[in-house]
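A.B. asks: Dumping the structure here so I can ask a few things about it.
The values are calculated or read from the model by the stated rules, or taken from the named source; none is laboratory data. The structure presented is a predicted model; accordingly, all values stated were derived computationally and were not measured. Quick reminder, even Gly has a Cβ in these numbers, built from the backbone with ideal geometry, and neighbours come from all protein chains shown.
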Amino acid sequence: MMQSHCTTPRKRGRKSQIAAGLLSLAIGLGLTGASLPLFSQARPVLSAEQLHTRMLERRAVEAAIWGMPLVNFDAMRQAYFRDAGARYNDVMYWSRPSDWKNQTTTPNHSTLYVMTFVNLKDGPVVLDVPATTTTGLYGAVLDAWTVPLLNVGSRGQDLGKGGRYLILPPGYEGDVPVGFIRVQSSTYNNYTLLRVITRTTGEQDLADGVNYLKTLKVYPLSKALAIPANNYIDVADKVYDGIARYDASFYESLARMVSEEPVQNRDMSIMGQLSALGIGKGQDFQADPKRQELLANAVDEAHAYMMEGYSRSGVAIWGEQRKWRSLAGPKQALGTKLSFIEPGQGVYLDDRAYAWFAMYGPIVPPGPQVYMKSYETAKGELLEGGNSYRLTIPANAPAKDFWALDVYDARTAGFIREAQVVGLDSYSRQMEKNPDGSVDLYFAPKPPPGHENNWIATQAGQPFFTMFRIYGPEQAMVDRTWVLNDIERLE
């Protein structure tokens, strides 16, 4: 597999170095051509066609790892057009906490999400964010590489007071009007993900949250003097299928994004490699049945690599004491503001692929939340949907706003399809507490008798992982004096 930095060369094995040395010696001594096959027979002789096929396979695997952020973006954008029936600048939202129909990567079921996609080919676009009142608002403007450009809302540039964000296309040299907050993008396609945080998930508070988000405006700067009415689309009852497909169509999506976006200097050598796959500027991507099969096998390998990589990425929140891990490594993620780029050094391609295989829509770190994931029990057993598990959340969880626990399909990083319950949170009034204030959550295909209100659904034969979120972490979480238990398997 590839190294963490795309510029790191692959080391040759010692045997190949020896063979190369002997070959050089033979030539230097003037040995006849009849002696040379002695060295070439050290490995099987491949035909030109076989060599070409193996080269394409390797490049297709690396292309999938490199392009994961772009395909993540495009999967959501296509769902925005197809499933929501939206157009650029429309405001799409979920009017209630999400169920399994929200097929994005690791969404929080508790949050009212708001998304809008914009295209800057025709010039700057305005994101007019209203001031917060009874709700909180967290989010960011992101480019097509899923790099958060600027935070919005309560912890954003406007600090909850509202503001007009002006998203600028690559290479923009015009003036920014007075009163606008500048957001410079390096891509033409961009999206905004906002989280409307309500006081409770009661009917009135949710209604207030929806009324608030409907005062959000998105429009071209060219129409600032006569702002057009926005279209607001509720997708709470629709299947929003915004997760990348790991088949040959993955490369169709990648080709589409590469054709639309400027080539970054950091990616010039990779663009040369992509051309062998028919992907690049001015290239018409086509794949016959044989190539389709090759691509399907390659993306299957890349998918497995990213799944495994995400499961072990990050750092242990409480060291060896617990299995809970952060979502990504602090150096690669926090140190680069989630760009995964070290100026003058390289790109953390693997870590970037792990992240955007399993996530989307982050804010510029550090944020007002603590996220942690777990794929295993206290004994190190991987979580499997046919078993029954329990997680005891200690009393007094250090969350100023709320905590939430969600379960995800390990293969897609989305909610388990058709799951009756995808997550639970501290908003819940039905969830039962223990006498000491702790809460037991249960993960199983069917609700355990007597614990129906504390159950999250899994599916037999399907590996899964969990994510625990704390919104508004208090000091006990910051200094790690509050410790979340590990998941235990029930017999």
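A.B. asks: When you look at Tyr232, is it modelled with pLDDT of 95 or more, of a type in the set (Phe, Trp, Tyr) and more than 30 Å from Ile341 (Cα to Cα), yes or no?
C.D. replies: Working: modelled with pLDDT of 95 or more: yes; of a type in the set (Phe, Trp, Tyr): yes; more than 30 Å from Ile341 (Cα to Cα): yes.
Here the answer is yes, as Tyr232 does meet what is asked.
A.B. asks: Same structure again: Name the residues in the range 457-475 that are surrounded by 14 or more Cβ atoms within 10 Å (Cβ to Cβ) and of a type in the set (A, V, I, L, M), would you?
C.D. replies: Residues of the range 457-475 that are surrounded by 14 or more Cβ atoms within 10 Å (Cβ to Cβ), as a first pass: 457-459, 462-474.
Selection gives Ala457, Met467, Ile470.
A.B. asks: Let me ask something else. Please go through the range 392-430 and give me each residue that is in contact with a helix residue (DSSP H, G or I) (Cβ under 6 Å, 6 or more places away or on another chain) and surrounded by fewer than 17 Cβ atoms within 10 Å (Cβ to Cβ), ordered by number. Before you say what the answer is, go through the steps one by one.
C.D. replies: Filtering the range 392-430 down to residues in contact with a helix residue (DSSP H, G or I) (Cβ under 6 Å, 6 or more places away or on another chain) leaves 398, 413, 430.
Hit for the range 392-430 is Gln430, nothing else.
A.B. asks: Could you check the range 239-249 and list, in sequence order, the residues that are surrounded by fewer than 20 Cβ atoms within 10 Å (Cβ to Cβ), in contact with a strand residue (DSSP E or B) (Cβ under 9 Å, 6 or more places away or on another chain) and not in a strand (DSSP E or B)?
C.D. replies: Val239
Every residue, every condition in (1) at pLDDT below 90; (2) assigned to a loop (DSSP other than H, G, I, E, B); (3) within 21 Å of the chain's Cα centre (by Cα), yes or no:
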{"position": "Ile167", "(1), (2), (3)": "no, no, no"}
{"position": "Tyr172", "(1), (2), (3)": "no, yes, no"}
{"position": "Thr187", "(1), (2), (3)": "no, yes, yes"}
{"position": "Thr192", "(1), (2), (3)": "no, no, yes"}
{"position": "Thr200", "(1), (2), (3)": "yes, yes, no"}
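A.B. asks: Another question, if that's okay. Looking only at the range 372-391, count every residue that is hydrophobic (A, V, I, L, M, F, W, C) and surrounded by fewer than 20 Cβ atoms within 10 Å (Cβ to Cβ) and tell me the total. Talk me through it step by step, then tell me what you get.
C.D. replies: Start the filter on the range 372-391 by keeping residues that are hydrophobic (A, V, I, L, M, F, W, C), which leaves 372, 378, 382-383, 391.
Checking the rest, the ones that are also surrounded by fewer than 20 Cβ atoms within 10 Å (Cβ to Cβ) come to 378, 382.
Residues in the range 372-391 being hydrophobic (A, V, I, L, M, F, W, C) and surrounded by fewer than 20 Cβ atoms within 10 Å (Cβ to Cβ): 2 in total.
A.B. asks: Tally up the residues in the range 330-350 that are modelled with pLDDT under 90, under 16 Å from the mean Cα position of the chain (by Cα) and small (Gly, Ala, Ser), please.
C.D. replies: Total meeting the criteria: 1.
A.B. asks: Among the residues of the range 147-154, are any in contact (Cβ under 8 Å) with a residue 60 or more places away in the chain, farther than 29 Å from Gly67 by Cβ, hydrophobic (A, V, I, L, M, F, W, C) and in the same structural domain as Ala224 (by TED's automatic domain parsing)?
C.D. replies: No, the conditions are met nowhere in the range 147-154.
A.B. asks: Could you identify the single residue in Gly386, Gly361, Gly380 that is in a loop (DSSP other than H, G, I, E, B) and in contact with a strand residue (DSSP E or B) (Cβ under 8 Å, 6 or more places away or on another chain)? Walk me through it before giving the result.
C.D. replies: Details: Gly386 fails: in contact with a strand residue (DSSP E or B) (Cβ under 8 Å, 6 or more places away or on another chain); Gly380 fails: in contact with a strand residue (DSSP E or B) (Cβ under 8 Å, 6 or more places away or on another chain).
Just one listed residue meets the conditions, Gly361.
A.B. asks: Any idea which residue in the range 35-66 is modelled with the lowest pLDDT, counting only those that are assigned to a helix (DSSP H, G or I) and small (Gly, Ala, Ser)?
C.D. replies: Narrowing the range 35-66 to residues assigned to a helix (DSSP H, G or I): 35, 37-40, 48-66.
From the residues that got through so far, the ones that are small (Gly, Ala, Ser) too are 35, 40, 48, 60, 63-64.
On the way: Ser35: 43, Ser40: 47, Ala48: 91, Ala60: 97, Ala63: 97, Ala64: 98.
Selected residue: Ser35.
A.B. asks: Answer with yes or no whether Leu254 is within 20 Å of Arg54 (Cβ to Cβ) and not charged (D, E, K, R).
C.D. replies: On the way: within 20 Å of Arg54 (Cβ to Cβ): no; not charged (D, E, K, R): yes.
Taking the combined requirement at face value, the residue does not satisfy it.
A.B. asks: Separate question: Is it the case, given these coordinates, that Leu405 is outside any loop (DSSP other than H, G, I, E, B), within 27 Å of the chain's Cα centre (by Cα) and within 14 Å of Leu490 (Cβ to Cβ)?
C.D. replies: In short, no.
A.B. asks: Let me ask something else. Being farther than 14 Å from Val126 by Cβ, among the hydroxyl-bearing types (Ser, Thr, Tyr) and free of Cβ contacts under 8 Å to residues at least 24 places away in the same chain is the requirement here; does Ser186 meet it?
C.D. replies: Here the answer is no, as Ser186 does not meet what is asked.
A.B. asks: Out of Val364, Val370, which single residue is more than 29 Å from Asn265 (Cα to Cα), modelled with pLDDT under 95 and of a type in the set (A, V, I, L, M, F, W, C)?
C.D. replies: Numbers: Val364 fails: more than 29 Å from Asn265 (Cα to Cα).
Every option except Val370 fails the conditions.
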